[in-house]
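Below is one structure, written out as structure tokens, with a few remarks after it.
The values are calculated or read from the model by the stated rules, or taken from the named source; none is laboratory data. Note that the coordinates shown come from a computational prediction; the quantities given were computed from them, not determined experimentally. Because the Cβ atoms are built from the backbone with ideal geometry, glycine has one as well, and the counts that use them run over all protein chains shown. With ligands, DNA and RNA removed, areas are computed over all heavy atoms of the protein, side chains included. Shrake-Rupley method; radii C 1.70, N 1.55, O 1.52, S 1.80 Å.
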Amino acid sequence: GHTLVVEGKKFAFHLLPCGMINKACKNLIGNGVVVHVPTLMKEIQELKDFDARALERIFISTRAHVLFDSHQIIDGILEAEQGTNSIGTTKRGIGPCYSAKAIRNGLRFGDLLHFEEFERRLRELIAWSQKRFGDPRERDTPAQLQLRKALREYNTKYAFDPEGGNKGGVANIDEEVARYREFAQILRHQIVDSVTLIHEDISRGYKVLVEGANAALLDIDFGTYPFVTSSNTTVGSVCTGLGVPPKQIDTVIGVVKAYTTRVGHGPFPTELQNEQQSLQDHIEMYVGPAQSMERKGHSSGPYELKPGQKVRVGEMLQEVGHEY
């Protein structure tokens, strides 16, 4: 998610576009996004004091996939299964939802407009998830056993808050169906053919700003795989995630942080590990050709590399600019 501070007021979004803060702005969640509808509805509700008509300014592609509580439970099961090899996901169900999209058993927002069919397919999807992930395994941790039980019973309240069941979710499948029936009624006029909508606005000469998510190193193709998200986060996703042809893109604005931050695990050569903020760099053996790089004004002179030399990986990446 991201936090915005506008005129001294703080807004925290996970799914809503930043344009929701501009009351004159039409907002669209494109086909490339996966959306947990209860979270979306909560964010819209929290905007009511700022803009009572916030719902009328948000549109969702018929092709965007719906992320269910079952995806979040499966995410937790799979992350625990990895043990020391876990990648540190946010456990919001993003990976399992994109997996469902890829194996073609996911549900899309357009399906909400035909609710009887939606209900049938939702029950099938949950049954499929229960069959593959619900039964206990020999090496399960207590956390996995708890999540598998929650999935078998489809008691997502128990999954999210075993003690009190106060962190959202539903007690059974029928409750899940009932709340999505309500969501379908509320969002009926906000679910649109996003490709037609955006092309009509472009043809009218409207200004269109596309907001990207995450960062280049979290891109599933170009990032630090496997420590990445489950979609493309670089500029090409404007085309695939919205249906906009490359020639329509006038300007690309990249945002660079002064320092690196990231969620989860994975390569992070500048991470500070302790209270003294001393850098525990990774040590590896250099296997490339001998090199000497001038460092103007550096007290230690040029940066030297020799075959077989023990090097600090983070320092080398900074000085050389590429991995050996």
- Item | region 2-64 versus region 212-239: alpha-carbon centroid distance in Å | 22
- Note on the structure: Mean-square fluctuation maximum in Gaussian network of the chain, Cα pairs under 10 Å, restricted to A290, A215, A52, hits A290
- Item | Only Lys, Arg (+1) and Asp, Glu (-1) charged, at Cβ; region 16-113 dipole about Cα centre in debye | 400
- So how much accessible area does K10 have, in Å² to the nearest 10, using a 1.4 Å probe? 150
- Task: Run the numbers on the chain and let me know its relative contact order in percent, using alpha-carbon pairs under 8 Å that are six or more apart.
- Result: 13
- Task: Go through 60-67, 237-244, 220-227, 109-116 and give me the packing order, highest mean Cβ count within 10 Å leading.
- Result: 60-67, 237-244, 109-116, 220-227
- Query: Hey, quick one: spin label on V235, modelled 7 Å out along Cα-Cβ, who in region 181-224 has an amide N within reach, i.e. under 12 Å?
  - Reply: none
- Query: According to a simple spin-label model (label point 7 Å from Cα along Cα-to-Cβ), what is the distance in nm between L4 and M285?
  - Reply: 5.3
- region 143-185, accessible area per residue, ligands and nucleic acids excluded (1.4 Å, Å²): 51
- Show which lysines lie in cross-link reach of K257 when reach means a straight Cα distance below 27 angstrom and same-chain residues fewer than eight apart are skipped. K9, K10, K91, K207, K296
- Query: Expressed as an acute angle from 0 to 90° and rounded to the nearest 10, what is the orientation of the C-alpha long axis of helix 173-187 relative to the principal long axis of the chain?
  - Reply: 90
- Query: Can you pull the percent of Cα pairs in region 149-208 with separation above 19 Å?
  - Reply: 55
- Message: Run the numbers for F115 and K149: contour at 0.36 nm per residue of separation, minus the present Cα-Cα distance, in nm.
- Response: 9.5 nm
- Item | Helix 115-133 axis, angle to the chain major axis (alpha carbon atoms, nearest 10°) | 50
- Message: From the helices alone, meaning DSSP H stretches of at least four residues, give me the mean residue ellipticity at 222 nm for the chain, per-run term -39500 (n - 2.57), in deg cm²/dmol to the nearest 500.
- Response: -10000 deg cm²/dmol
- To the nearest 10 degrees, the tilt of helix 69-82 (Cα long axis) against the first principal axis of the alpha carbons of the chain is 30
- Carbon plus sulfur fraction of accessible area for the chain, probe 1.4 Å, in percent: 51
- Query: Hey, what does the equivalent ellipsoid look like for the chain, semi-axes from the Cα gyration tensor as sqrt of 5 times each eigenvalue, largest first, whole Å?
  - Reply: 40, 29, 18
- Message: Let's see if you can work this out: charge +1 on each Lys and Arg Cβ, -1 on each Asp and Glu Cβ, no other charges. What is the dipole magnitude of the chain about its Cα centre, in debye to the nearest 20?
- Response: 460
